[in-house]
Amino acid sequence: MAEIKTIAKDAIVTETVKGVEALEADKYKYGFESDIEQEFAPKGLNEDIVRFISAKKDEPDWMLEWRLDAYARWLTMKEPTWAMVDYPEIDYQDSYYYAAPKSDKDGPKSLDEVDPDLLEVYAKLGIPLREQEVLAGVQGAPRVAVDAVFDSVSVVTTFKEELAKVGVIFCPLSEAVKNHPELVRKYLGTVVPPTDNFFATLNTAVFSEGSFVYIPPGVRCPMELSTYFRMNAQGTGQFERTLIIADKGSYVSYLEGCTAPMRDENQLHAAVVELIVLEDAEIKYSTVQNWWPGDAEGKGGVYNFVTKRADCRGKNSKVSWTQVETGSAITWKYPSCILRGDGSSGEFYSIAITNGFQQADTGTKMIHLGKNTRSRIISKGISAGKSNQTYRGLVSAHKKATGARNFTQCDSLLIGDQCGAHTVPYIESNTPSAQFEHEATTSKLSEEQLFYCRQRGLSEEDAVALLVNGFCRDVLQNLPMEFAVEAQKLVAISLEGSVG
Amino acid sequence: MLKINNLTATVNDGAQTILNGLSLHIPAGEVHAIMGPNGAGKSTLSYVLTGKDGYDVTDGSVEYLGQDLLAMQPEERATAGMFLSFQYPLEIPGVPTMTFLRTALNAQRKSRGDKPMSAPDFLKKAREIASDLKIKPDMLKRPLNVGFSGGEKKRMEIFQMMMLEPKMIIMDETDSGLDVDALRIVADGVNALRGPERAMLIITHYQRLLDYIVPDRVHVLADGKIVASGDADFAKKLEAEGYDAYAA
Amino acid sequence: MQPNSTPALTEAETILGGALPHRRMEAWKWTDVRASLRQKQGLTNICTPEISVPEGIIVSRETIPAESTVMGAFAARFVTDCIVISTPENYKSDQPIRISGLGNGHARILIKLAKGAELSVVETHESDTASFINLDMQFDISEGAKLTRTIFHADHTDTTRIASSRINVQTDGEITQHMLSFGAGLSRFETRLTAQGKNVKVDIHGAYLLDEKRHVDMTSHIDLIDENAQIRQSVKGVITDKARGVFQGKFHVHRRAQFTDAEMRHDALMLSDTCEVRAKPELEIYADDVACAHGNTVGALDESALFYMRQRGIPASQARALLTQAFVAQAFESMADNTEFMTRISNWLEQRL
Ligand SMILES: Nc1ncnc2c1ncn2[C@@H]1O[C@H](COP(=O)(O)OP(=O)(O)O)[C@@H](O)[C@H]1O
Ligand SMILES: [Mg+2]
């Protein structure tokens, strides 16, 4: 294991340097727009739109009612204002809440039915959509099952059959509602209830797609599962919803990637992710979020308001969130763990990079309810340009959470004197046997280290990328290998133009 | 002096058995060494003997100077003369070494019914021993072990040992982290304490220390029990041949 | 999220003539004055502090605009004439200003240190019956002036005390503040410090030891505006029974405040199963060439340290007291003479451990 890591790291350094060079030309590599015929629901939001979405998805009545309740509730709620982000008021009537590629009308039965243009989009994104392509790859190449969500609908899920052999269910959520209603009803909305917060409630009313994963007891999912989200259609919001259930003693590693084309308007993304972990089960959830951050003048970009939460219900269950956040104009996101089962543990590893005019308010919540629960938070924030970034976190121990442990390390790096880096941790303990430790530092890149690198021949930008990657190492090591390489590249790309 | 019979100890509510029927007798006046591979349970033995929380004795008994050792509190064992030189000595911020040691010495004297040692006597004794061990006086004013190097911490353990004059000394890997000069200084201190009233249990990995402190008996601890014993030369043989022959 | 409508005023609020801070306000989320203030008597009292000053210090009364805070506005409503204490330039004395008698009602005090002045202020905040105290203080530290502030706090278990200080520091100014609190039914000591000039030095330390149902909230908000400030802050808490300790610290480093060197620490020891600790150590940083750090720990005494001491023959209760005392003492290391504080601390610990 150790050996592999070393090799990967070396490769990563080279990749980073190459990445910086390659990206001189196209700043946002994922910013191409695809010209695909779209089908939209009328612009705006009202009860009819909620009904329309539900009807499009052919949903049972209970689902429609659930949505309508949430919508009614949402109308009474106010947008939260406590985060350190600043944006013009959002006009919720000025967005499309449903967009689907036309050819999807009846749902693709196989890959061959998928619009070839669409496949090309994914090819550009580097997603191994076609099973045969992946299989034809080098022996031992990573095999990743992919659910690709294009605006509001899931386009294709690969490897379904192979997964079915071990009982793993991996499909679009809308399909799970039809084929596995008992599971969906049992778990959907139990971690993030419809009333949770303004954006989650909105999501509950209008969510149009997302992935559903169920890992049966004792099964170690034979491959990594992955979803790629892409917002393509103009003026659309994306509201996906992901539900993952790891039954007793099971394990799954799940990857989520996000991109959106360059547009000079703001696109809204309000997703909900719910993880349910039963006894002795483990979920590893990794995200590389690279939504369009807006242009150099701060125009456009995605508003990313996401609610992600894991419920460690069973004894000794485990959740690990790893996130690399480089995109979005505004990020509002706190992947959290409710450590309910005795001996359960939660981890949060985060790299957040903001540049240009980006604003990010992100962190985690570790809520210790059970005995001997553990949590660990490692957060690395890098602010450059005119951006602002806040780590916001909560660690709490209930009276019954005897023997709970938390360790938090929050480091921020400022590049340039026009940005901001902030740390807002909340610590609440109600039992003496919980041991909480929090450390945070804020500093700038060391001039000496920069000089050292340049003396050895690295350009200033390469040196910065190299040092920032070093600063993030603790987190990068926790990413699945393929993602680690991509993340390293992103670090370099995101910081482009931040020095000199 | 110390009679350990069939000692069995577990951790994590019995989930893991670390000591598994260990027996060992150390008469007064003798120095015994325990060697064994990493993870054999050597430090665990030292903790069980000194009464650290987190270890459950599920079987066996330990008699120390005619008393039931396992029924005593850690401080009662210390007052009865049992001293552990820790493998990893603790750092205690805010408590100066001298304050700590004086509190300990006088607490022990008090429970034995002795008067506290006067401040001048205490200082005099501390200065003498510190100079023998080549410990700089200003180190004694600093909070206990805070920011000390590994070697300095080990020397501080021996300093405390010589100040407290215990009867039963357990040294857990005191030699690790010490250079040759420091090793000689420490060994001289330990040898000076050897006497008919005292017994010692020296836990080590390397036979190097035993060149300086020559033991009466050498034991191998593997899988939670004593699996072989011999005289001082046995340590040399172990060093040459390794513990493989004794592992399960 | 903000409530949609403002709830009706409580009885106390009606007497006071306005809403009290409550838990829906982010800065007051753990110190809910509205919910805790049960008193109806003495809410509009005016407090007459006892102030003794060394020679050369001028005491007067002036009309000063109100602070913009909720509690500041209350203080100004009931106390129109603020007590103003000022020093001449380059003033020095080995005698401190002593302020006591802060046992009931509203009070406003402004202390002005002229250029190069050095001044010690010793404050005692005490009450022996259930009282309501709202104290609004301001300190102006001119160029090169040095303030040493020592605060002792011990209130009746049913007292509510809000003590706010605004401290403005100019170039080369210094402040060293030490506070020891044994709490009140509900109490908050809020320090809002602005380092306006360059090279400002701030040492602001404190400890709280709380039993029964006491509550203390140590909140500080330090704004650094200009270059080269050095800040050290360390707060230690010991809580037992059903007490609640709150620490909220914030360093706000403005764009121009390059070369800031700032450290914040809060550590709390919980001694009972029913006590509570809340902490929010915050950094807000807009200057890049800075070194800022904060640390926070919450938990019980270190078991291995305890065992180590017992292995050396120190009885468990004594070992516990020694470790706890050493833990608290770290807040008062930089104090010129901490014997009085340390004696009070060991007495408190002796009675409770
Ligand atoms: N408190 C504990 N909880 C769990 N395992 C423990 C504990 N203490 C010791 N062990 C385990 O017991 C074994 C023996 O440890 P130790 O006595 O430290 O070995 P040695 O000192 O011989 O190297 C090791 O496998 C160690 O991990
Ligand atoms: Mg050991």
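The values are calculated or read from the model by the stated rules, or taken from the named source; none is laboratory data. Note that the structure is a prediction, hence the values are computed from the model and not measured. Here the Cβ is made from the backbone with ideal geometry for all residues, glycine too, and neighbour counts use every protein chain on show. The protein model used for the area step is the full one, side chains on, heavy atoms only, and it has no ligands, DNA or RNA in it. Shrake-Rupley method; radii C 1.70, N 1.55, O 1.52, S 1.80 Å.
Heavy-atom accessible area with a 1.4 Å probe sorts A:Arg376, A:Arg313, largest first, into A:Arg376, A:Arg313.
Mean sequence separation of contacting Cα pairs (under 8 Å, at least six apart), scaled by the length of the stretch A:286-363, corresponds to a relative contact order of 37 percent. Listed by chain and number, the lysines placed with their C-alpha closer than 26 angstrom to that of B:Lys167 are B:Lys3, B:Lys42, B:Lys52, B:Lys110, B:Lys115, B:Lys124, B:Lys125, B:Lys134, B:Lys153, B:Lys154, B:Lys225; residues fewer than eight positions away on the same chain are left out. Ranked by the mean number of other Cβ atoms within 10 Å per residue, highest first, peptides C:40-52, C:219-231 order as C:219-231, C:40-52. At full extension, A:Ala164 and A:Thr190 could sit 6.8 nm farther apart than now, given 0.36 nm per residue minus the alpha carbon distance.
A:Lys178: which lysines have alpha carbons under 22 Å from its alpha carbon, excluding same-chain residues fewer than 8 sequence positions away? Those lysines meeting the cut-off are A:Lys56, A:Lys57, A:Lys102, A:Lys105, A:Lys109, A:Lys160, A:Lys165, A:Lys186. For the stretch C:151-193, the residues whose amide N sits under 13 Å from a probe point set 7 Å from the Cα of C:Ser36 along the beta carbon direction are C:155-163, C:182-190. Residues A:Lys365, B:Lys153, ordered by accessible area of protein heavy atoms at a 1.4 angstrom probe radius and largest first, appear as A:Lys365, B:Lys153. Partners of A:Lys43 within straight-line reach, counting aspartates and glutamates whose Cα lies under 19 Å from its Cα and excluding those fewer than 8 residues away in the same chain: A:Glu89, A:Asp91, A:Asp94, A:Asp151, A:Glu209, A:Glu240, A:Asp264, A:Glu265.
Over the stretch B:2-246, what is the mean sequence separation of C-alpha contacts under 8 Å (at least six apart), divided by residue count, expressed as relative contact order in percent? Relative CO of the stretch B:2-246 lands at 28 percent.
Per the accessible-area calculation with a 1.4 Å probe, the total area buried between chain B and chain C rounds to 2000 Å². Under 16 Å from a label point 7 Å along Cα→Cβ of C:Arg352: give me every residue in the stretch C:272-305 with its amide N that close. Counting only backbone N, you get C:272-278, C:299-301.
Pairs of Lys residues in the stretch C:11-300 are counted when their Cα atoms are under 22 angstrom apart and they lie 8 or more places apart or on different chains; the count is 28. With a 10 Å cut-off around each Cβ of A:437-447, the average count of Cβ atoms from other chains is 6. Element breakdown for the stretch B:2-246 at a 1.4 angstrom probe: carbon and sulfur atoms account for 48% of the accessible area. Here the stretch A:346-411 is treated with +1 on each Lys and Arg Cβ and -1 on each Asp and Glu Cβ, and its dipole about the Cα centre works out to around 380 debye. For the protein assembly as shown, the antiparallel share of DSSP beta bridges with both residues in that region comes to about 20%.
The mean number of partner chain beta-carbon atoms within 10 angstrom of a residue's beta-carbon across peptide A:394-404 is 1. Here B:His25 and B:Lys134 are evaluated by their C-beta separation; at R0 = 30 Å the FRET efficiency comes out at 0.25. Chains A and C together bury roughly 3100 Å² of accessible surface, counting both sides and using a 1.4 Å probe on protein heavy atoms. Ranking B:Lys236, A:Lys380 by solvent-accessible area of protein heavy atoms (1.4 Å probe, all protein chains present), from largest to smallest, gives B:Lys236, A:Lys380.
Rolling a 1.4 Å probe over the protein chains gives A:Asp295 an accessible area of about 50 Å². Taking the average, over residues, of other Cβ atoms within 10 Å as the packing measure, peptides B:117-124, A:183-190, B:61-68, A:489-496 rank A:489-496, A:183-190, B:61-68, B:117-124 from highest down. Taking all protein chains into account, the per residue accessible area for the protein assembly as shown stands at 39 Å² (1.4 Å probe). Distance between the 7 Å Cα→Cβ label points at A:Tyr92 and B:Asn12: 4.9 nm.
The accessible surface of the stretch A:406-498, taken with every protein chain in place and a 1.4 Å probe, is 48 percent carbon and sulfur.
Want the number for C:Glu50 to C:Asp241: 0.36 nm per residue separation, take away the alpha-carbon distance, what's left?
Length gained, C:Glu50 through C:Asp241: 65.4 nm.
In percent, rounded to a whole number, the relative contact order of chain C is 9, using alpha-carbon pairs under 8 Å and six or more apart.
Would you please give the FRET efficiency between C:Asp261 and B:Glu91, computed as 1/(1 + (r/R0)^6) with r the Cβ-Cβ distance and R0 = 30 Å, to the nearest 0.05?
0.75
Regarding the protein assembly as shown, what's the average projected area of the Cα-atom convex hull, expressed in nm²? Result: a mean projected hull area of 48.6 nm².
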